[in-house]
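Reading through the structure tokens given below for one structure.
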Amino acid sequence: MTSLFKNIFITILCLFLLVAVTIFIVLWSFSNNIPDYRFLKNYKPPVSSKMYSGNGELVADFSKEKRIFVPYEAIPKNVINSFLSAEDKNFFSHPGVDAKGVVRAIINNIKNIISSERLEGASTITQQVAKNFLLTNEISLNRKIKEAILAFRIERALSKERILELYLNQIYLGSGAYGVAAASLEYFDKSIKELNYNETSLLAALPKAPSKYNPYRNKELAKFRRDLVLKNLLDNNFITKKKYLFFKEQEIELKKNKRVFLENSQYYIEDVRKEIIDKLTYDKVYKQGYNINTPINLELQKIATQSLRNGLVAYDRRKGWRGAIQNINYSKDWYKKIKKKFKLEKSINWQIAIVKKINQFNSIIETENNLQGEIKFKDISWTKKEFKDLFKEGDVIYVKKIDKKSYSLEQLPKINGGVVVMDPFTGRVLALSGGFSFKNSEFNRTSQALRQPGSAFKPFVYALALENQFTPSSLILDAPLVLDQGVDLKKWKPENYGKKFYGPSTLRIGLEKSRNLMTVRIAQSLGIDKVANFSKKMNIYENPDELLSISLGSAETTLLNLTSAYCSFVNGGKLIKPIIIDRIQDSEGNTIFNNKNRECMNCEKISFTGKEFPEIQDNYKQVFSPQTAYQLTSILQGVVERGTGKKLKKLGLNIAGKTGTTNENTDAWFIGFTSNLVIGVYVGMDNPEPLGKYETGSKAALPIFEEFVKKAIKKSEARPFKVADDMTLMVVDSSTGEKAKFTSKNTIIESYKSKNVSEGKVLYSNNNRLDVNNILRFY
């Protein structure tokens, strides 16, 4: 008998040793083939970089995954308790694998197999961390063994708090949200610190099946799962029975995160994105959670975009109806047949519709939302056609809702353009729009399109003249001019718009009326090399040919560069560069880039409760004198008062600016400014072609500027332009530039540099380089 027990004992011992050796061999073989887990100690999950407006509003984020990293210390207890109750109630007591949970899962799964119900798992939070960070989602015994081994090792290497921090920041919770902080904003538009148990239970219910239990898709199923988590919280003594019953009765209340991801700002956002990727690399921008502060003013951006769109539509309507988007056979799902490229931003407020029936005085349509409506005859008046000549049944068109059933006919403009708004003293770009629709075309006409500025370049020729002893009253001959352009080249014969000549005229009149012949004569007198070098100095052109035609804006530049150069007229002759990024900080708040061009010289010494004021000093380069800057500003005010921009006079604001039109009206410009804003507008075709007769800068571009100014600038904000030091103001005859007499009818206040004035008279120059046939009086 003793021998029998001895044999049984030996057999059991051998079996035990065999199992132990087998387990050891299996674990050893798997242990040599598992990923390295040690990087988790210092791991930081990929975090989106965020772009903010000048007022601190969130404008955009750059990420592959929506995630906001939150350290363990900042995660509220109710969030932690909810996830522990839903996923791993023994988390703080088990060594990585929950033996009790495994046994419970085996017993329950036997019952589930018998009743054909879904099998349940027993993975701990540590195991989920191992799977999410180091393994795949493969369902196999191989992966489960590796998962268990990694869980034991992670528990030895990391604290429980660190493991939970990794889990709560990495877990996918549906609707594109990774981690509890991003999910809190996605579902409740709240910080995680503001959540109650009702809300944290819903978040904790999601990891099991984020799509299935997504409350945006199925609230009833989400509530069922949430209530199970609440029951677990009660069973684990995290909440009382009273609170459980109260929370259980509550309906799920969702509030979508109101992100100011404005469609109107897409051109600006894209330029910022490109610039930060150039500075920091794509991988860093999309993973390391930078905070990007930009100057964008969302209100000005909205107005600028809308003004541009309205101006482009107005031009397009002047050219008539071009036809429907496409023609298709009507069916209930007709909208699915429409190409993606025809779908525009919601902010444009247009819808796609199909023409179902054509009558004499109206047409019946169906919109993309399957709403029935009509287009009345008065709402197609701009086409100058009748319905039978306008549409065919099955035509797909753009419409804009007027009232409950009425719609107006719209047309995607063939023309395009750009608008930019800048602070002239810092170069900060407050608004930028590069086209009618970013969805339709991502090409940015503000920063990418190289076009001839035409007459919009002339102020810089005149500024150079004023720097070289000309005055606003210098007389320039406006008469025919024929110039030799070189060997084997035709002679160049510049002409004024309208092909008229006006004889001797003041420099002021030459710019106010945009006289080409006077401008060429001034450039010829100065020397075209000086004009070319000055344009490079102003960052308008990169490397222009030294031809007299560049004085009329024949070289190419961008709207952003030209508008930046105009800032020098407002800020006293200082060269600024356009700024679309103010500051970049890393995820820990360290500043890694700062566009600081101004410095407070005494801020450390003065008391901010006293009467002393900060002394601000900038490091901008002085490109021409403050006196010249003011003289040009005064002349450009004259453009608005009496010249090519006089349509703006009715606004009654202190505005200065200049129109620009190129040969055959191919490109139209208007660059204008107040005492604190510079606004540039460009209009033209993406494939350059004539815009049509009379479509000049004052007709095609200026109305966009006008609409923006009306909506964005109050009279109190358009203060008078500051007169530079060492200036003398005199009343002169506007036609001759001579000191006004009592009998003079048309007088203006002219600005002269004080060094050019003696005893109330403007001094003549002794410059002997002048061709008296071109320059009649030079003072």
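General observations
- Checking each residue in segment 728-751 for being open to solvent by less than 30 Å² (accessible area, probe 1.4 Å) and in contact with a helix residue (DSSP H, G or I) (Cβ under 8 Å, 6 or more places away or on another chain) picks out Ser734, Gly737, Ile748, Glu750, Ser751.
For (1) aliphatic (A, V, I, L, M); (2) at pLDDT below 75, each residue gets a yes or a no:
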{"position": "Ser587", "(1), (2)": "no, no"}
{"position": "Met601", "(1), (2)": "yes, yes"}
{"position": "Lys605", "(1), (2)": "no, yes"}
{"position": "Thr609", "(1), (2)": "no, yes"}
{"position": "Ser625", "(1), (2)": "no, no"}
{"position": "Leu632", "(1), (2)": "yes, no"}
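- Qualifying residue in segment 426-438 (condition: free of Cβ contacts under 8 Å to residues at least 40 places away in the same chain and over 30 Å from Asn597 (Cα atoms)): no
- Residue selected from segment 177-196 under the condition of a type in the set (Asp, Glu) and in a helix (DSSP H, G or I), by the criterion modelled with the highest pLDDT: Glu194
- Matching option when the condition is at pLDDT below 85 and either farther than 29 Å from Leu233 by Cα or among the basic types (Lys, Arg) (or both), among Lys50, Lys44: Lys44
- Looking across segment 465-493, the residues that are open to solvent by 30 Å² or more (accessible area, probe 1.4 Å) and free of Cβ contacts under 8 Å to residues at least 40 places away in the same chain come down to Pro480, Val482, Asp484, Gly486, Val487, Asp488, Leu489, Lys490, Lys491, Lys493.
- Check on Thr591, crowded, with 19+ Cβ neighbours inside 10 Å and hydroxyl-bearing (Ser, Thr, Tyr): no
- Within segment 644-668, being surrounded by 22 or more Cβ atoms within 10 Å (Cβ to Cβ) and part of a loop (DSSP other than H, G, I, E, B) holds for Thr644, Gly645, Ile655, Thr662.
- Any hit, segment 428-450, residues being within 29 Å of Gln351 (Cα to Cα), more than 27 Å from the chain's Cα centre (by Cα) and outside any loop (DSSP other than H, G, I, E, B): no
- Failed item in (1) outside any loop (DSSP other than H, G, I, E, B); (2) touching a helix residue (DSSP H, G or I) at 6+ places or on another chain (Cβ under 9 Å), with Lys208 passing the rest: (1)
- Residue count for segment 517-540, restricted to those that are buried (at least 20 other Cβ atoms within 10 Å of the Cβ) and touching a helix residue (DSSP H, G or I) at 6+ places or on another chain (Cβ under 6 Å): 8
- Single residue of segment 239-252 satisfying the filter (in a loop (DSSP other than H, G, I, E, B) and in contact (Cβ under 8 Å) with a residue 40 or more places away in the chain) that is farthest from Asn198 (Cα to Cα): Ile239
- When we screen Phe62, Phe91 for residues that are modelled with pLDDT of 75 or more, surrounded by 14 or more Cβ atoms within 10 Å (Cβ to Cβ) and farther than 30 Å from Val285 by Cα, the only hit is Phe91.
- The set of residues from segment 434-464 being in contact with a Gly (Cβ under 6 Å, 6 or more places away or on another chain) and among the small types (Gly, Ala, Ser) comprises Gly434, Ser441, Gly454, Ser455, Ala456.
- Residue count for segment 669-689 satisfying the condition of being open to solvent by less than 20 Å² (accessible area, probe 1.4 Å) and either of a type in the set (S, T, N, Q) or free of Cβ contacts under 8 Å to residues at least 60 places away in the same chain (or both): 3.
- Within segment 552-569, being more than 18 Å from Ser433 (Cα to Cα) and in contact with a Pro (Cβ under 6 Å, 6 or more places away or on another chain) holds for Gly553, Ala555, Cys567.
- Residue match in segment 629-641 (condition: in contact with a helix residue (DSSP H, G or I) (Cβ under 7 Å, 6 or more places away or on another chain), among the hydroxyl-bearing types (Ser, Thr, Tyr) and at negative phi): yes
- Candidate set from segment 156-176 (those that are assigned to a loop (DSSP other than H, G, I, E, B) and open to solvent by 30 Å² or more (accessible area, probe 1.4 Å)); member that is farthest from Arg67 (Cα to Cα): Ser159
- Subset of segment 474-489 [among the hydrophobic types (A, V, I, L, M, F, W, C) and assigned to a loop (DSSP other than H, G, I, E, B)]: Ala479, Leu481, Val482, Val487, Leu489
- The listed residue being basic (Lys, Arg), assigned to a helix (DSSP H, G or I), open to solvent by 10 Å² or more (accessible area, probe 1.4 Å) and free of Cβ contacts under 8 Å to residues at least 40 places away in the same chain, out of Lys699, Lys711: Lys699
- Only residues that are touching a Pro at 6+ places or on another chain (Cβ under 8 Å) and charged (D, E, K, R) were counted across segment 289-343, and they come to 1.
The values are calculated or read from the model by the stated rules, or taken from the named source; none is laboratory data. What you see is a predicted model; the values in this text were computed from it and never measured. So basically every Cβ, Gly included, is an ideal-geometry build from the backbone, and we count neighbours across all protein chains shown. Ligands, DNA and RNA are excluded from the accessible area calculation, which covers all protein heavy atoms including side chains. Shrake-Rupley method; radii C 1.70, N 1.55, O 1.52, S 1.80 Å.
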